Amino acid sequence: MMGPAHSLSGAAAWLGVGAAAAAADHAMPWPVLVAGALICAGAALAPDLDHKAATISRAFGPISRGLCEVIDKISHSVYKATRMAGDPRRSGGHRTLTHTWVWAVLIGAGASALAMVGGRWAVLGILFVHMVLAVEGLLWRAARVSSDVLVWLLGAASAWILADVLHKPGNGSDWLFGAPGQEYLWLGLPIILGALVHDIGDALTVSGCPILWPIPIGRKRWYPIGPPKAMRFRAGSWVELKVLMPVFMVLGGMGGLAALGVI
């Protein structure tokens, strides 16, 4: 799928988690709901860091473009080192390592560990990166015609405000994990969810997605998981723009209202 659909699906997914948490009598404080939805929207763009034309590869200028090249080479090397007889030869690493559950868990766990060890500045850094990506994905029309500096400033301001609100007692820094020293441990969850939602979205397209790597399926370790071919669509097609994106918006709105106890 394209960036806007990925971001919308990520935000909707976290709002759905918020509704489920409320139903399970473990409701999210509203700052966790808002911050988590935006983080998840940003994280839903992150797996495409292996593609030089993706939104995330342009989001941070030379830094993200350089990182994209590194990730693409690493992904391609892992693919070549682990491919089985049924896996085709490839010239690049797009839709390989960064599109797996292993990557999603490692990135999310790393973010949680960084937030716990690094304190407020680490939390600010995590929020900043994902707020910029959320702006690029959710407000993509405005972001395309704005300068990168304006997008970065909006991301920085959003990150600073959210970090300040979350840090106040009762606003969710210790949501779900309440033991001393576990503040912000939950930050990795919307990152994991966003990456997995991205992978599921890509699995619906004609190319499929190797979400289950390194679990072998038949003669392939990089098996492109997806529905029957008749049910798949091309990225950017009318199905994505006219059907899926409105559905994500409706489901996200309903999830948010349920999470807040309005419905």
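The values are calculated or read from the model by the stated rules, or taken from the named source; none is laboratory data. Owing to the predicted nature of the structure, the values given are computational and were not obtained by experimental measurement. Reconstructed Cβ throughout: ideal geometry from the backbone, glycine too, with neighbour counts over all protein chains shown. Accessible surface areas use protein heavy atoms only, side chains included; no ligands, DNA or RNA. Shrake-Rupley method; radii C 1.70, N 1.55, O 1.52, S 1.80 Å.
Taking the condition in a helix (DSSP H, G or I), surrounded by fewer than 21 Cβ atoms within 10 Å (Cβ to Cβ) and either among the small types (Gly, Ala, Ser) or more than 18 Å from the chain's Cα centre (by Cα) (or both), does Ala195 pass?
It is false that Ala195 is in a helix (DSSP H, G or I), surrounded by fewer than 21 Cβ atoms within 10 Å (Cβ to Cβ) and either among the small types (Gly, Ala, Ser) or more than 18 Å from the chain's Cα centre (by Cα) (or both).
Could you count how many residues in segment 112-139 are closer than 15 Å to Asp164 by Cα and either of a type outside the set (D, E, K, R) or outside any helix (DSSP H, G or I) (or both)?
Residues flagged as closer than 15 Å to Asp164 by Cα and either of a type outside the set (D, E, K, R) or outside any helix (DSSP H, G or I) (or both) within segment 112-139 amount to 11.
Does Leu38 satisfy being in contact with a His (Cβ under 7 Å, 6 or more places away or on another chain) and modelled with pLDDT of 95 or more? Steps first, please.
On the way: in contact with a His (Cβ under 7 Å, 6 or more places away or on another chain): yes; modelled with pLDDT of 95 or more: yes.
Yes, satisfied.
Within segment 129-147, how many residues are free of Cβ contacts under 8 Å to residues at least 40 places away in the same chain and open to solvent by 60 Å² or more (accessible area, probe 1.4 Å)?
4
State all residues of segment 148-172 that are outside any helix (DSSP H, G or I), without any contact (Cβ under 8 Å) to a residue 60 or more places away in the chain and not charged (D, E, K, R); if no residue qualifies, say none.
Pro169
For segment 1-88, list the helices (runs of 4 or more DSSP H) that sit wholly inside it and hold at least 2 residues that are buried (at least 18 other Cβ atoms within 10 Å of the Cβ) and free of Cβ contacts under 8 Å to residues at least 24 places away in the same chain; which are they?
62-82
If you take the residues of segment 234-259 that are surrounded by 16 or more Cβ atoms within 10 Å (Cβ to Cβ) and in contact with a Leu (Cβ under 7 Å, 6 or more places away or on another chain), which of them is farthest from Met2 (Cα to Cα)?
It comes out as Ala259.
Which number in (1) in contact (Cβ under 8 Å) with a residue 24 or more places away in the chain; (2) open to solvent by 20 Å² or more (accessible area, probe 1.4 Å); (3) not in a helix (DSSP H, G or I) marks the one condition that Ala109 misses?
The single condition Ala109 does not satisfy is (3).
Out of the residues in segment 201-224 meeting the condition of being without any contact (Cβ under 8 Å) to a residue 60 or more places away in the chain and outside any loop (DSSP other than H, G, I, E, B), tell me which one is surrounded by the fewest Cβ atoms within 10 Å (Cβ to Cβ).
My answer is Ile217.
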